[in-house]
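Visitor: Let me give you the structure first, and then I'll get to my questions.
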Amino acid sequence: MQASKTTPARIEKLTGVKGMNDILPPTSRRWEDLEDRVRGVMRCHGYENLRTPIVEFTSLFVRGLGEVTDIVEKEMYSFEDRLNGEALTLRPENTAGVVRAAIEHSLLYNGGKRLYYMGPMFRHERPQRGRYRQFHQIGAEALGFAGPDVDAELILMAHALWQALGLQDIALQINSLGQPQERKQHRDALIAHFERHADALDEEARRRLHLNPLRLLDSKNPAMQDVIEKAPRLLDYLGPESQQHLQGVRDILDANGVAYQINPRLVRGMDYYNLTVFEFVTTKLGSQGTVCAGGRYDYLMEQIGGKPTPAVGWAMGMERVLELLQEQGLAAAPQALDAYAVVTEAAAMPLAMQCLQRLRAAGVSVLMHAAGSEGLSSLKSQLKRADASGARYALLFGADEVAQRVVSVKPLRDATRVQLQRPIGQESQWAQSLQSEA
């Protein structure tokens, strides 16, 4: 009796998590270009790279960001470690992690530190243009410096990056949140103001009124804008020292010709800020207009368990900067290969590979045609692939070349150039010509 045949069950196709995106070639080239430019700007300003874990204890963010913030209340990816029951969180931002690392490793033992980071952050929110559940930030933090000069330095550093990238239509807004006592006086005045207009407040605003009234100023509810505009301004409650600090920042920006607007409603989303706060904003990205933001946070290190230490920093969204570059036609072009290696016979492969490794060691980018299951394809097929690769030259390793220990260099992008032969074993002498003769 013939055995019955059964159709194997179809395996479900797996996809990425919504709001957490793959970055594929050639788009990844744009990311690399931005990262390289950032490293150059950071190096010019004396900032050093710091890399912190993606996972931190949940208490770090609750204590550092504030319990009554959108991030802590709604957006964090938090979970319990199955091995020991510890409450852990995928970092929603990295300032708290940088401060934690500075305390844990005594980074400020010999004085202040200027640091920067790059990497993914995670917030559980509705994905939209420029806002994702896994997003990427570049941040700069200056720990141990109290003066307005470093506030201005960080703003100027971000401004220098816009110039290096060629970006336009990015406006700077600044404000001062003063010091705790000044904020308390303003807080009391805010509560009294909003209590007088309780009928105009939405449910979220009523809930936050006595917990964190400053956050009401950041509401996007159109029905509340008139009440918000009439609310007491924190700038009017600043004492002489806070006013002097803000003026110090303004003087440096003015001296460097950096335009800005004082925005008395600028409050930022985290509780740890004091004195200077700022945002770089654009009208080119719809509702996600903030490209880079930050400010001073002189009390965060103490909140996390360290000694009182002044600090200031910013973070920028890489996705939003890349969107702006694309919008303004400034996206980095894919980097062209120098050469594509065409090998038509298996016997030529050892010598060809030897030559290619020497060229790569000399800085030449070479893509080698790989054999398929049926062996190496024809010369015509390989040359077609070489042309499609975008490489400037094809390196031909045929039977005649191997016998003479040479490689034929065929120009692919300039019909006026002639095919040449170069000696194998002397790659260091002619490698540069593959790059400079483009």
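Visitor: Taking H as built 1.01 Å from N, whose amide H comes closer than 5 Å to the amide H of C292, not counting residues under 5 places away?
Guide: Those qualifying (amide H under 5 Å, at least 5 residues apart or on another chain) are F280.
Visitor: Please identify the trypsin sites (Lys or Arg not before Pro) of region 354-438 that satisfy two criteria: DSSP loop assignment and at most 13 other Cβ atoms within 10 Å. Which are they? It would help to have the intermediate numbers written out before the result.
Guide: Numbers: sites: R358, R360, K380, K384, R385, R392, R405, R413, R417; in loops: R392, R405, R413, R417.
Counting only loop positions with at most 13 other Cβ atoms within 10 Å, the trypsin sites (Lys or Arg not before Pro) in region 354-438 are R405, R413.
Visitor: Also, I was wondering about something else. Check which residues have an amide H placed less than 5 Å from G178's amide H, if you skip close sequence neighbours.
Guide: Result for G178 returns L275.
Visitor: Along the charge dipole of region 1-132, which of L88, L14, L60 sits closest to the positive end, that is, farthest toward it, with unit charges on the beta carbon of Lys, Arg, Asp and Glu (+1, +1, -1, -1)?
Guide: L14
Visitor: Once phi is turned into ³J(HN,Hα) by the Karplus curve 6.51 cos²θ - 1.76 cosθ + 1.60 with θ = phi - 60°, what whole-Hz value does each residue of region 349-364 show in order, with x for glycine and proline?
Guide: Values, residue by residue: 4, x, 5, 4, 5, 4, 5, 5, 5, 5, 5, 5, 5, 8, x, 7 Hz.
Visitor: What fraction of the Cα pairs in region 260-312, stated in percent, has a spacing above 14 angstrom?
Guide: 59 percent
Visitor: Tell me, what ³J(HN,Hα) does each residue in region 379-390 have, in order and in whole Hz, if you take phi through Karplus 6.51 cos²θ - 1.76 cosθ + 1.60 with θ = phi - 60° and put x for Gly and Pro?
Guide: 4, 4, 5, 5, 5, 5, 5, 4, 5, 5, 5, x
Visitor: Still on this structure, please answer the following. Mind checking the full-extension length gain between Q128 and D81? Use 0.36 nm per residue of separation minus the Cα-Cα distance, one decimal, nm.
Guide: Full extension from Q128 to D81 adds 13.9 nm.
Visitor: Okay, next question. Can you tell me what the convex hull of the Cα atoms of region 372-420 projects to on average, as an area in nm²?
Guide: The orientation-averaged projected area of the Cα hull of region 372-420 comes to 4.0 nm².
Visitor: Identify, among P423, P26, V249, the residue whose Cα sits farthest towards the positive end of the charge dipole of the chain, taking +1 on the Cβ of Lys and Arg and -1 on the Cβ of Asp and Glu, with the dipole about the Cα centre.
Guide: Of the candidates, P423 comes out farthest on the positive side.
Visitor: So how long is each side of the chain along the principal axes, counting just the alpha-carbon atoms, biggest first, in Å?
Guide: 90, 80, 44
Visitor: Continuing with this model, one more query. Quick one: P(r) of region 106-241 from all Cα-Cα pairs, 5 Å bins, percents rounded to integers, in order of increasing distance.
Guide: 2, 7, 12, 12, 14, 17, 17, 12, 5, 1, 0
Visitor: Give the Debye-formula value of log10 I(q)/I(0) at each listed q (0.12, 0.13, 0.25 Å⁻¹), with one equal scatterer per alpha carbon of region 339-433, two decimals each.
Guide: Computed log10 I(q)/I(0) values: -0.33, -0.39, -1.51.
Visitor: As a test of the definition: which semi-axes, in Å, follow for region 1-96 when you take the square root of five times each eigenvalue of its alpha carbon gyration tensor? Largest first, please.
Guide: Over the Cα atoms of region 1-96, the semi-axes work out to 40, 27, 13 Å.
Visitor: If you fit an axis through the alpha-carbon atoms of helix 427-436 and take the longest principal axis of the Cα set of the chain, what angle between them do you get, 0 to 90°, nearest 10?
Guide: 60 degrees
Visitor: Of I155, V281, Y109, which is farthest along the charge dipole of the chain in the positive direction, counting Lys and Arg as +1 and Asp and Glu as -1 at C-beta?
Guide: Result: V281, furthest along the dipole toward the positive end.
Visitor: Kindly identify region 264-355 as rounded, prolate or oblate by the Cα gyration tensor criterion: order the square roots of the eigenvalues as a ≥ b ≥ c, call it rounded if a/c is under 1.5, otherwise compare a/b with b/c, prolate if a/b is larger, else oblate.
Guide: Numbers: a/c = 5.96, a/b = 2.19, b/c = 2.72.
It is oblate, given that a/c is not under 1.5 and a/b is not larger than b/c.
Computed from the coordinates by the stated procedures, all read-outs in this text should not be read as laboratory data. Please read all numbers here as calculations on a predicted model, not as lab measurements. Cβ sites come from the backbone with ideal geometry, for glycine too, and all protein chains shown count toward neighbours.
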